[in-house]
Amino acid sequence: MAVKTINTEMLRKMFLAGAANLEAKKEFINELNVFPVPDGDTGTNMTLTIMSAAKEVQALEDPDMVSMAKAISSGSLRGARGNSGVILSQLLRGFTKEIREYKEIDTIILAKACDRATATAYKAVMKPKEGTILTVAKGISQKAAELAETTDDLEVFLPEVISHAEQVLEETPELLPVLKEAGVVDSGGQGLLEVIRGAYDAFLGKEIDYTSIETVPGTKMVKPDQQAEADIKFGYCTEFIIMTEKPFTAKDETEFKAYLESIGDSIVCVADDDIVKIHVHTNDPGLAIQKALTYGQLSRMKIDNMREEHQEKLIRDAEKVAVQQAEAAELKKKKEPRKPVGFIAVSIGDGMNEIFRELGVDYIIEGGQTMNPSTDDMLTAIDEVNADHIFILPNNKNIILAANQAQTLTKDKDIIVIPTKTVPQGITAVISYMPEADVDTNLEAMQDAVKNVKTGQVTYAVRDTKIDDKVIHEGDIMGIGDQGILSVGQSVEDTTKDMLAQLVDEDSELISLYYGQDIQAEDAEKFTQALEDIYPDIDIDVHMGGQPIYYYVLSVE
């Protein structure tokens with residue numbers, strides 16, 4: 001017998017299964033990225049985005065279609081990371097706007113929802129590019145519209161839509177030459193396909209493992225073994241999240257772990273942007289909590305008495321401390337006068353962060369190439385900066401959409417996104433700010449200044465590929481410019497010199513060099529002296545950037 005409608009409970013299962021399938025395939029999707037760089041990839045970004053929504057959906061009790069739609073839309077919008085994650089969140093936003101008014105979904109409603117999803121996603125991207133996830137979404141919506149006119153049977157409708165999506169995905173290399181050169185299909189389109197494949201599995205009644213939704217992707221929280229009470233050395237399983245009020249450095253992490261080891265065991269300490277996830281078995285949760293409060297406010301606290309003693313009292317006490325801390329922080333913020341202009345910058349590396357602080361940036365979001373901050377990270381930063389007008393410097397092309405999304409979700413402050421694609425561009429933008437000028441004048445001046453910055457980044461290849469007519473092998477050193485890969489070699493210094501030769505011209509006046517955490521200060525100084533010999537008429541500044549993965553980040557102005 002034909003299945004003609006999807007109710008709320010079935011949609012819930014399908015969405016969660018789609019999220020679980022995407023999570024399971026994320027590394028495969030990461031491998032499809034054209035650039036073979038060792039940073040945050042499409043599969044990871046899309047997974048973190050949809051998992052944010054999946055957790056909200058899973059937390060619903062007896063949901064109706066309206067609450068389901070809201071959870072999917074809100075969760076994905078706030079959790080969106082990277083361009084692919086933002087586009088996925090916009091697809092989900094458009095889809096849920098169409099279905100929220102119905103108790104059950106048939107093929108006609110499903111086709112309309114797919115069409116609205118595609119239109120919403122295309123609208124969110126300033127310059128939509130074919131051969132991407134957008135093309136796959138458009139193919140899905142067009143096939144859905146065609147099938148809705150001929151069948152009301154979802155058992156016919158869904159597999160044909162998926163089959164067409166697979167066909168469109170296979171054609172993406174013909175639409176985007178860089179995909180064809182690298183010999184891959186579009187990674188974002190592959191991610192979207194995995195979501196709908198997982199959803200279809202749930203529709204067919206297949207058993208789905210949802211455990212990936214219950215934990216943060218990439219981390220495993222240690223749970224107490226089922227052991228006798230007498231074997232338990234530390235009685236309280238304590239978990240919480242620290243919402244840091246200042247950068248949580250590698251030194252902070254080492255010191256905090258050492259402290260936790262002094263009061264307990266089974267320790268997990270995972271730092272992710274401006275939150276830190278903590279798990280510890282201890283006989284005094286209060287000590288762990290008090291120490292954690294020195295780094296920021298606490299959230300999602302959970303204390304389990306593994307000996308079943310005093311659990312309620314400890315939870316009440318811990319929550320009271322956290323509430324008092326939150327109230328104190330809010331009171332402090334209210335007492336500070338609101339200033340006209342504030343700055344938020346995305347940055348990573350102690351040296352890079354310190355440069356932004358010295359330039360007057362109010363809030364630094366830890367992230368960049370290695371981990372794209374989410375829209376929610378942006379909103380948290382906006383909330384913390386007490387200013388009427390706030391300039392956001394994404395400093396990465398894959399973060400600009402998340403910043404724009406945060407801008408549209410903010411109502412009580414004027415948010416101005418300067419579309420900086422690299423940290424050097426962000427530094428130049430801040431330096432170009434004129435306190436005496438108005439916001440519009442500064443916006444124009446900062447954007448003009450950024451146009452004069454040519455950036456280069458030096459890292460290593462994580463896989464074999466061919467791109468920009470260059471054959472690249474795993475382990476090769478790559479010099480990446482604003483428009484693509486400029487040089488490939490075996491030596492960091494030689495590859496950097498080769499890239500600089502292509503960036504420097506007769507108008508160049510300044511080279512700024514930021515060395516990463518894998519470069520020693522004395523080696524950076526020697527390399528700078530070598531560059532001064534090559535470019536005697538150009539000023540060369542060297543700074544400790546401290547960034548991971550990228551040996552050197554440099555700019556030519």
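Values in this text are rule-based calculations from the coordinates and carry no lab data. Since we're looking at a predicted model, the values are computed, not measured. A quick note on method: Cβ atoms are made from the backbone with ideal geometry, for glycine too, and the neighbour counts reach across all protein chains shown.
Are any of the pairs K70/K129; K55/K206; K70/K246; K138/K470 more than 23 Å apart by Cα-Cα distance, and if so, which? Spell out each step's value before the answer.
On the way: K70/K129 29 Å; K55/K206 21 Å; K70/K246 32 Å; K138/K470 32 Å.
In this structure, K70/K129; K70/K246; K138/K470 exceed 23 Å between Cα atoms.
Bridgeable lysines around K526 (alpha carbons under 25 Å apart, same-chain partners fewer than 8 residues away excluded): K454, K497.
Longer than 21 Å from Cα to Cα, which of K112/K180; K339/K451; K97/K123 are they? Say none if no pair is. Write down the numbers at each step before the final one.
Numbers: K112/K180 32 Å; K339/K451 28 Å; K97/K123 15 Å.
Where the Cα-Cα span goes over 21 Å, the pairs concerned are K112/K180; K339/K451.
Once a ≥ b ≥ c are taken as the square roots of the eigenvalues of the Cα gyration tensor of the chain, is the result rounded (a/c under 1.5), prolate (a/b larger than b/c) or oblate (a/b not larger than b/c)? Oblate is the answer for the chain, as a/c is 1.5 or above yet b/c matches or exceeds a/b.
Put a plus charge on the Cβ of each Lys and Arg, a minus charge on the Cβ of each Asp and Glu, and nothing anywhere else: the dipole of the chain about its Cα centre is then about 1760 debye.
Arrange the peptides 400-409, 464-473 so that the one whose residues have, on average, the most other Cβ atoms within 10 Å appears first. Intermediate results must be reported in sequence, preceding the final value.
Numbers: 400-409: 23.0, 464-473: 14.7.
Those peptides, ordered most packed to least, come out 400-409, 464-473.
Region 20-61 and region 394-428 have Cα centres spaced 22 Å apart.
With K and R counted +1 and D and E -1, the other residues having a Cβ less than 14 Å from that of D464 yield a net charge of -1. Of all beta bridges that DSSP places with both ends in the chain, some 70 percent have antiparallel geometry. The relative contact order of region 449-515 comes to 24 percent, based on Cα pairs under 8 Å that sit 6 or more residues apart.
Cross-link partners for K25 among the aspartates and glutamates, with Cα-Cα distance under 19 Å and sequence neighbours closer than 8 places in the same chain left out: D39, D41, E166, E170, D186, E194, D201, E207, D209, E214.
What size of dipole, in debye to the nearest 20, comes out for region 454-556 about its Cα centre when the only charges are +1 on Lys and Arg C-beta atoms and -1 on Asp and Glu C-beta atoms? Could you put the intermediate results ahead of the total?
Numbers: 6 positive and 22 negative charges, 102 e Å.
Result for region 454-556 is approximately 480 debye, rounded to the nearest 20.
Select from I87, V488, V3 the residue farthest towards the positive end of the dipole of the chain; place +1 on Cβ of Lys and Arg, -1 on Cβ of Asp and Glu, and compute about the Cα centre. Ranked along the dipole, the leading option is V3.
For region 6-214, with only Lys/Arg (+1) and Asp/Glu (-1) charged at the beta-carbon, what is the dipole magnitude about the Cα centre, in debye rounded to 20? Write down the numbers at each step before the final one.
Details: 22 positive and 33 negative charges, 186 e Å.
Dipole size: approximately 900 debye.
Summing +1 for each Lys or Arg and -1 for each Asp or Glu, what net charge is found among the other residues whose Cβ lies under 12 Å from the Cβ of I519? Neighbourhood net charge equals -4. For region 454-556, rounded, prolate or oblate, judged on the Cα gyration tensor with a ≥ b ≥ c (square roots of eigenvalues), a/c < 1.5 rounded, else prolate if a/b > b/c? Oblate shape, in that a/c is at least 1.5 and b/c is the bigger or equal ratio. Under 12 Å from the Cβ of G189, count the other residues' Cβ atoms, weight Lys and Arg +1, Asp and Glu -1, and hand me the total. Combined, the nearby Lys, Arg, Asp and Glu give -4. If you take the Cα centroid of region 91-107 and the Cα centroid of region 523-551, the two points sit 55 Å apart. Classify region 341-411 from the C-alpha gyration tensor, please: rounded if a/c falls under 1.5, else prolate or oblate depending on whether a/b exceeds b/c. Cα axes put region 341-411 in the oblate bin.
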